[in-house]
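Written below as structure tokens is the structure these notes are about.
The values are calculated or read from the model by the stated rules, or taken from the named source; none is laboratory data. Here the structure is a predicted model, which means the values were calculated and not measured. Every residue, glycine among them, receives a Cβ derived from its backbone with ideal geometry; neighbour counts consider all protein chains shown. What goes into the accessible areas is simple: the full protein's heavy atoms, side chains included, and nothing from ligands, DNA or RNA. Shrake-Rupley method; radii C 1.70, N 1.55, O 1.52, S 1.80 Å.
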Amino acid sequence: MANPSQFGFQDASSPIMEELVEFHDHALMVALAICSLVLYLLTLMLMEKLSSNTVDAQEVELIWTILPAIVLILLALPSLQILYMMDEIDEPDLTLKAIGHQWYWSYEYTDFKDLSFDSYMIPTTDLPAGHFRLLEVDNRVVIPMESPIRMIVTAADVLHSWAVPTLGVKTDAIPGRLNQTSFITTRPGIFYGQCSEICGANHSYMPIVVESTPLPQFESWSSILSSS
């Protein structure tokens, strides 16, 4: 959950988000090094007179041609690694389907026979004490902790986007098309997200709440919901 005046990312709750935060810090350090070098050269050129060696030097031209290529490699290699990791779906323990509507989400646990429900935002007037305004829903998505989850996302009417920042997940929900992603929660907790696509007048009123629990609690929850 984000805090007021927070500068960094939310605490990572999945391996993918941990990698994304590390790559963000890595890219910022590269950008800091580039800005420091450029500032130093600008200061040097303003403080000293230009000489023929500075104006025409093949060694300098060679350096500022090769150096950007090295910088791009330093950024591209970890970026491609994370990109392939985000697309990797290897034997998921649970498949969950999210369907975007105007303006709520429907969820189907496809590994169970009759386990599906709609998830609406709780109005402020009905919000229990201690819950977050405009973020809490009547039916949370409950998943087992430390289990690979395959997420299938689609929409029934217009474009939506299923996004949970702390899990590093953001997948567009497109009518007539199934998009899929995967994630693993590394700790128990409640993780909040919102539709990240401008889908209409009530776009900001279709939140996402994912509750990560140990496997025994998830099994008892699923059995109670399936029997009801």
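A Cβ distance below 9 Å, combined with a sequence gap of six or more or placement on separate chains, defines the contacts here; from segment 147-162, residues that are in a loop (DSSP other than H, G, I, E, B) reach residues that are acidic (Asp, Glu) and open to solvent by 50 Å² or more (accessible area, probe 1.4 Å) in the pairs Ser147/Asp93; Pro148/Asp90; Pro148/Glu91; Pro148/Asp93; Val158/Glu197; Leu159/Asp172; Leu159/Glu197.
In segment 121-138, what residues are surrounded by 17 or more Cβ atoms within 10 Å (Cβ to Cβ) and out of contact with any helix residue (DSSP H, G or I) (no Cβ under 9 Å at 6 or more places or on another chain)? If you could, list the steps in order and put the result at the bottom.
Residues of segment 121-138 that are surrounded by 17 or more Cβ atoms within 10 Å (Cβ to Cβ), as a first pass: 121-122, 135-137.
Ile122, Leu135, Glu136, Val137, listed by residue number.
In segment 137-146, which residues are assigned to a loop (DSSP other than H, G, I, E, B) and either among the charged types (D, E, K, R) or within 15 Å of Tyr109 (Cβ to Cβ) (or both)?
Taking segment 137-146 and keeping what is assigned to a loop (DSSP other than H, G, I, E, B), we get 138-140, 145-146.
Across segment 137-146, the qualifying residues are Asp138, Asn139, Arg140, Glu146.
Would you confirm, using the coordinates I've provided, whether Pro144 is in the same structural domain as Pro207 (by the TED database), over 21 Å from Ser196 (Cα atoms) and either free of Cβ contacts under 8 Å to residues at least 40 places away in the same chain or open to solvent by 70 Å² or more (accessible area, probe 1.4 Å) (or both)? For Pro144, the condition - in the same structural domain as Pro207 (by the TED database), over 21 Å from Ser196 (Cα atoms) and either free of Cβ contacts under 8 Å to residues at least 40 places away in the same chain or open to solvent by 70 Å² or more (accessible area, probe 1.4 Å) (or both) - is not met. Quick one: which residue in Arg177, Arg133, Arg150, Arg140 is touching a Pro at 6+ places or on another chain (Cβ under 8 Å) and not polar (S, T, N, Q)? Unique residue meeting the criteria: Arg150.
For the condition buried (at least 17 other Cβ atoms within 10 Å of the Cβ), over 18 Å from Ile16 (Cα atoms) and without any contact (Cβ under 8 Å) to a residue 24 or more places away in the chain, what is the one hit in Ile174, Ile224? Sole residue among the options that is buried (at least 17 other Cβ atoms within 10 Å of the Cβ), over 18 Å from Ile16 (Cα atoms) and without any contact (Cβ under 8 Å) to a residue 24 or more places away in the chain: Ile174. Check segment 35-48 and report whether any residue there is open to solvent by less than 80 Å² (accessible area, probe 1.4 Å) and modelled with pLDDT of 90 or more. The answer is yes, given that some residue of segment 35-48 is open to solvent by less than 80 Å² (accessible area, probe 1.4 Å) and modelled with pLDDT of 90 or more. Regarding Thr166, is this residue part of a strand (DSSP E or B) and either of a type in the set (Lys, Arg) or open to solvent by less than 40 Å² (accessible area, probe 1.4 Å) (or both)? No; evaluated as a whole, the condition is false for this residue.
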